[in-house]
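Written below as structure tokens is the structure these notes are about.
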Amino acid sequence: MRLSPRTRCTRRRANAAWLVETKQADYLLQVKANQPSVLEACRAIPDAQFGEVFEHTERGHGRIETREVRVAPVPEGLDFPYAEQVIVVYRERSGLDGKMTSSETSYELISIATQDAGAQLLAGHVRCHWQIVNRVHWGRDWSFDEDRHQLRSLNSPAQVLATLPNLSISLIRLAGSNQIMSAMRWIARSPQRSGQIMGAMPA
């Protein structure tokens with residue numbers, strides 16, 4: 001289902017308010033380009049407003065990744081419900097030879113107050129959030145090409161289209177594969193393999 005940027009932005013604000021007010025929970029949300037005023041406010045925070053810095057380096061999968069996490073209180077004028085802190089994550093990737101291959105900066109909003117969570121704890125929260133995105137949403141966007149769906153309904157058809165890819169990805173992972181596209185191609189070559197994945201037919 002494809003929603004307009006304005007609709008997505010409105011939904012994110014409503015979801016954030018619902019989590020805090022109704023579920024008595026906290027949220028962690030990435031600030032994207034479809035929220036230009038919020039993103040600009042995050043980028044404009046002076047360096048002096050940031051507190052501790054947490055840095056972590058990982059080596060694996062043929063690359064070295066360094067992450068620097070900085071945290072600042074939400075500045076005046078940043079309009080987002082119940083936001084307490086801005087998390088700035090700078091990621092730098094390099095080959096095993098030490099030559100940088102890419103870098104990026106992302107901004108996150110979190111409803112946890114400054115005194116309740118520092119940079120190291122929030123770095124762990126952000127890392128878990130990325131793992132969810134990589135394992136579920138990336139698979140849906142690329143393996144099932146959801147970004148190009150033209151369905152704009154907000155009711156049952158859209159819910160079905162969201163549920164079926166999630167079910168398929170979960171079944172493939174339960175079958176022991178993390179390569180979603182490869183597994184889908186393997187299943188497509190024989191109709192019986194779908195039944196095997198679902199446990200309805202012997203392997």
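The values are calculated or read from the model by the stated rules, or taken from the named source; none is laboratory data. Computed from a prediction, not measured in an experiment: that's the story for all the values here. Virtual Cβ from ideal backbone geometry, glycine too; neighbours counted across all protein chains shown. When the accessible area is computed, the model is the full protein with side chains, heavy atoms only, and any ligands, DNA or RNA have been set aside. Shrake-Rupley method; radii C 1.70, N 1.55, O 1.52, S 1.80 Å.
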Item to complete: Would you check which residues across region 72-110 are out of contact with any strand residue (DSSP E or B) (no Cβ under 8 Å at 6 or more places or on another chain) and open to solvent by less than 70 Å² (accessible area, probe 1.4 Å) and list them?
Response: PRO81
Practice prompt. Only residues in region 45-64 that are of a type in the set (D, E, K, R) count as the first member; pair them with residues that are open to solvent by less than 50 Å² (accessible area, probe 1.4 Å) and assigned to a loop (DSSP other than H, G, I, E, B), Cβ under 6 angstrom, at least 6 apart or cross-chain, and list the lot.
Written response: GLU52/GLY118
Discussion item. Can you confirm whether ILE87 is closer than 22 Å to TRP130 by Cα, in contact with a Ser or Thr (Cβ under 6 Å, 6 or more places away or on another chain) and aliphatic (A, V, I, L, M)?
Written reply: no
Worksheet item: Since ARG140 meets every condition but one in (1) at pLDDT 60 or above; (2) over 21 Å from GLN30 (Cβ atoms), which condition does it not meet?
Response: (2)
Practice prompt. Confirm whether LEU19 is part of a strand (DSSP E or B) and either open to solvent by less than 50 Å² (accessible area, probe 1.4 Å) or among the aliphatic types (A, V, I, L, M) (or both).
Written response: no
Practice prompt. Please enumerate the residues belonging to region 182-199 that are open to solvent by 80 Å² or more (accessible area, probe 1.4 Å) and over 28 Å from the mean Cα position of the chain (by Cα).
Written response: ALA188, ARG189, PRO191, GLN192
Practice prompt. Could you please find all residues in region 113-130 being in contact with a strand residue (DSSP E or B) (Cβ under 7 Å, 6 or more places away or on another chain), open to solvent by 20 Å² or more (accessible area, probe 1.4 Å) and under 16 Å from VAL31 (Cα atoms)?
Written response: HIS125, HIS129
